[in-house]
Amino acid sequence: MKPHIVKGIVRNSIADSLGIEPGDALISINGEKIIDIIDYKFLESGDFINVLIQKHDGEEYLFEIEKDYDEDLGLIFESGIIDKPKHCSNKCIFCFIDQLPDKMRESLYFKDDDYRFSFLQGNFITLTNMKDQEIERIIKYRLSPIYVSVHATDDEVRKKILNNSKAGGILEKLKRLTLYGIKVHCQIVLCPGINDGMILDKSIKDLSDLYPGVKSVAVVPVGLTDYREGLYKLEPYNHDEAVKLIAQVTEWQNKLKEEKGTSFVFIADEFYVLANKEIPEYDHYEGFPHLENGVGLMALFKNQFDTYFKNIKTFKVNFNKYVVITGISAYEFIKGFADKLNKIGFNIEVKSIKNDFFGHGITVSGLVTGEDIINQLKGKIDGKILIIPECMLKAGTDIFLDDMTVAGLEKQLNARVIISEVNGKSFIQKINMGR
């Protein structure tokens with residue numbers, strides 16, 4: 001096993017004080033070789049550890065370190081998990097990455113299916129590419145919770161959806177993990193006529209039988225772009241189908257609430273919008289385990305907005321003219337909050353952005369591109385302040401999916417841009433403060 005090259009050092013950290021430098025290599029901790037970030041975090045967590053480092057010239061140094069139990073060494077590696085990420089071995093019939101247009105940034109085309117990202121970042125994995133020893137590592141290191149894409153507990157349906165003959169046996173794998181105390185959150189991406197209806201009933205029943213090991217299930221609609229040439233023929237959900245789906249899952253929620261004390265299965269906000277149904281209240285979502293899946297995001301935003309709006313003592317009403325942008329599906333929802341602020345003196349306009357880049361079937365805010373914003377707003381908002389939700393940008397950056405930057409957007413639109421967290425309190429604060 002090759003040593004792991006150190007990319008950087010956290011300033012004033014233990015590694016910094018020891019003179020460890022970028023380009024040095026970590027060989028072992030306490031005499032044990034390190035596969036990945038999981039080994040590293042486990043081994044560095046002691047209050048007395050031995051760290052073997054190889055310097056640029058090949059000379060090795062053994063550092064005996066006494067520290068606080070959970071104190072980080074301060075080493076930064078090229079990869080967030082130290083090891084190479086595991087590539088997805090499926091060819092899912094709904095895979096969003098397969099529906100991307102050409103010439104986007106390379107990182108967007110990588111399909112990970114890595115249990116370490118599942119534990120560390122909440123990424124969903126299928127468990128189809130996992131060897132026995134990797135499941136043992138999850139159990140050994142208590143990597144809990146993890147997030148699993150189930151889609152269907154019926155083996156043949158799951159094989160069809162994942163387009164992988166080895167995709168069966170998901171229940172056996174989940175039973176093994178939960179038997180050893182690993183908590184699991186699951187998702188089901190619904191494809192009309194394939195894994196809904198009776199197949200969905202079976203999936204909910206099978207997974208709820210594993211509660212409390214399987215903690216929750218998110219039911220989300222398939223997302224379809226205009227770039228599906230040569231891919232499996234799928235149709236989006238329509239209003240009537242969404243109404244039927246909500247009724248079906250609500251029946252399960254009521255049943256499981258009575259039997260197990262939990263709703264257990266939760267519906268993506270998109271289905272409620274499509275069906276023109278009210279979003280459930282804040283308490284319905286039981287801690288919001290599936291926010292990244294768009295499940296309960298609206299209820300949380302509403303609760304944050306209403307609580308802050310009710311408790312704030314002074315609004316600094318200003319003369320700025322604001323334009324808030326959102327995807328098609330959230331337009332009416334966001335407009336309701338803007339209207340409430342306008343009644344106390346603000347000047348806020350809400351504009352929905354059609355997704356010409358991916359196709360009009362994509363209506364969520366998180367997939368709106370800079371190009372579409374420019375094409376639809378250029379010349380219409382000069383001198384105004386544009387408020388965009390943070391979910392439109394790559395995490396930790398000011399870059400849209402099409403590589404347009406916030407600075408580029410400001411220049412093209414002749415408007416100042418304010419980035420708001422997807423948070424009702426932050427939304428009010430950004431407008432109230434004008435920054």
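The values are calculated or read from the model by the stated rules, or taken from the named source; none is laboratory data. Remember, predicted model here, so these are calculated numbers, not experimental data. Because the Cβ atoms are built from the backbone with ideal geometry, glycine has one as well, and the counts that use them run over all protein chains shown. In case anyone asks, the SASA skips ligands and DNA or RNA and just uses the protein heavy atoms, side chains included. Shrake-Rupley method; radii C 1.70, N 1.55, O 1.52, S 1.80 Å.
Each row is one residue, and each column tells you yes or no for (1) surrounded by fewer than 22 Cβ atoms within 10 Å (Cβ to Cβ); (2) of a type outside the set (D, E, K, R).
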residue	(1), (2)
Asp114	no, no
Asn129	yes, yes
Gln133	yes, yes
Leu143	yes, yes
Val157	yes, yes
Ala167	no, yes
Leu179	yes, yes
Val189	no, yes
Gly193	yes, yes
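Here is a yes/no grid of residues against (1) surrounded by fewer than 16 Cβ atoms within 10 Å (Cβ to Cβ); (2) over 29 Å from Gln121 (Cα atoms):
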{"position": "Asp47", "(1), (2)": "yes, no"}
{"position": "Asn50", "(1), (2)": "yes, no"}
{"position": "Ile53", "(1), (2)": "no, no"}
{"position": "Glu59", "(1), (2)": "yes, yes"}
{"position": "Leu62", "(1), (2)": "yes, yes"}
{"position": "Asp70", "(1), (2)": "yes, no"}
{"position": "Gly74", "(1), (2)": "no, no"}
{"position": "Ser79", "(1), (2)": "yes, no"}
{"position": "Ile82", "(1), (2)": "no, no"}
Condition (residue is within 25 Å of the chain's Cα centre (by Cα), in a helix (DSSP H, G or I), modelled with pLDDT of 95 or more and of a type in the set (Phe, Trp, Tyr)) applied to the range 388-403: is it met by at least one residue? no
Taking interchain pairs and intrachain pairs at least six residues apart, which have beta carbon atoms under 8 angstrom, with the first residue in the range 56-84 and at positive phi and the second among the aromatic types (Phe, Trp, Tyr)? Ile82/Tyr40
When you scan the range 153-161, do you find a residue that is within 15 Å of the chain's Cα centre (by Cα) and more than 23 Å from Leu367 (Cα to Cα), even just one? no
Quick one: in the range 336-348, of everything that is without any contact (Cβ under 8 Å) to a residue 24 or more places away in the chain and not in a loop (DSSP other than H, G, I, E, B), which residue is least open to solvent (accessible area, probe 1.4 Å)? Ala338
Name the single residue that is farthest from the chain's Cα centre (by Cα) among those in the range 116-127 being buried (at least 18 other Cβ atoms within 10 Å of the Cβ) and in a helix (DSSP H, G or I). Arg116
Among the residues of the range 96-109, are any in contact with a helix residue (DSSP H, G or I) (Cβ under 8 Å, 6 or more places away or on another chain), outside any loop (DSSP other than H, G, I, E, B), surrounded by 21 or more Cβ atoms within 10 Å (Cβ to Cβ) and not acidic (Asp, Glu)? no
I need a count of the residues in the range 60-95 that are over 16 Å from Ile20 (Cα atoms) and part of a loop (DSSP other than H, G, I, E, B). 21
Could you run through the range 17-40 and say how many residues are surrounded by fewer than 16 Cβ atoms within 10 Å (Cβ to Cβ), under 33 Å from the mean Cα position of the chain (by Cα) and within 14 Å of Leu75 (Cα to Cα)? 2
Does the range 305-335 hold any residues that are open to solvent by 40 Å² or more (accessible area, probe 1.4 Å) and either at pLDDT 95 or above or outside any loop (DSSP other than H, G, I, E, B) (or both), and which are they? Asp306, Thr307, Tyr308, Phe309, Lys310, Asn311, Lys321, Ile328, Tyr331, Glu332, Phe333, Lys335
Quick check on the range 349-404: of everything there that is in contact (Cβ under 8 Å) with a residue 12 or more places away in the chain and at positive phi, which residue is surrounded by the most Cβ atoms within 10 Å (Cβ to Cβ)? Gly359
